[in-house]
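The values are calculated or read from the model by the stated rules, or taken from the named source; none is laboratory data. Since we're looking at a predicted model, the values are computed, not measured. Quick reminder, even Gly has a Cβ in these numbers, built from the backbone with ideal geometry, and neighbours come from all protein chains shown. The protein model used for the area step is the full one, side chains on, heavy atoms only, and it has no ligands, DNA or RNA in it. Shrake-Rupley method; radii C 1.70, N 1.55, O 1.52, S 1.80 Å.
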Amino acid sequence: MSRKTAREVAMKLAFARLFGCEDTYGAVLDKSGITETPKPDDVKFADELLCGIEEKKEEIDGLISEFAVDWTTERMPKVDLSILRIAVYEIMYRCDIPDSVSINEAVELAKTFGGDHSPSFINGILGAVSRKKVSE
């Protein structure tokens with residue numbers, strides 16, 4: 001299994017938590033039809049993302065809101081919000097992941113799980129977050 005799959009599972013877990021569901025990594029794999037056996041590092045990576053999002057949620061949502069013109073996090077599609085939270089967390093708090101990788105992976109998730117406008121919406125917000133981080 002890869003970080004890409006671990007990131008997808010983390011996004012699905014983040015999405016489920018928006019609705020009060022407490023699925024596990026294994027449950028998401030089963031529901032998604034992913035048959036690969038996760039490596040302990042992949043499960044750890046997904047857990048770190050979820051814990052980081054929970055810990056930094058206000059700051060992450062503040063950044064999303066700052067750059068999501070005419071959108072609030074409450075109105076935004078929940079899939080997009082879940083993808084954005086993961087990528088913003090990676091950009092701002094994970095120095096082991098290049099911003100470009102976080103942005104690219106988020107856009108790919110948006111192409112698969114989001115609406116027609118999700119990839120460009122997410123790319124625009126994440127590009128602005130990355131530029132802000134560099135300028136600080």
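Brief remarks follow.
- Total residues in the stretch 115-136, condition without any contact (Cβ under 8 Å) to a residue 60 or more places away in the chain and open to solvent by 30 Å² or more (accessible area, probe 1.4 Å): 12
- Residues in the stretch 36-64 that are farther than 19 Å from Tyr25 by Cβ and either surrounded by 15 or more Cβ atoms within 10 Å (Cβ to Cβ) or under 14 Å from the mean Cα position of the chain (by Cα) (or both): Lys56, Lys57, Ile60, Asp61, Leu63, Ile64.
- Residue within the stretch 4-24 that is in a helix (DSSP H, G or I), more than 14 Å from the chain's Cα centre (by Cα) and surrounded by 16 or more Cβ atoms within 10 Å (Cβ to Cβ) present: no
- Residue within the stretch 75-84 that is open to solvent by 70 Å² or more (accessible area, probe 1.4 Å), farther than 16 Å from Leu18 by Cα and more than 13 Å from the chain's Cα centre (by Cα) present: no
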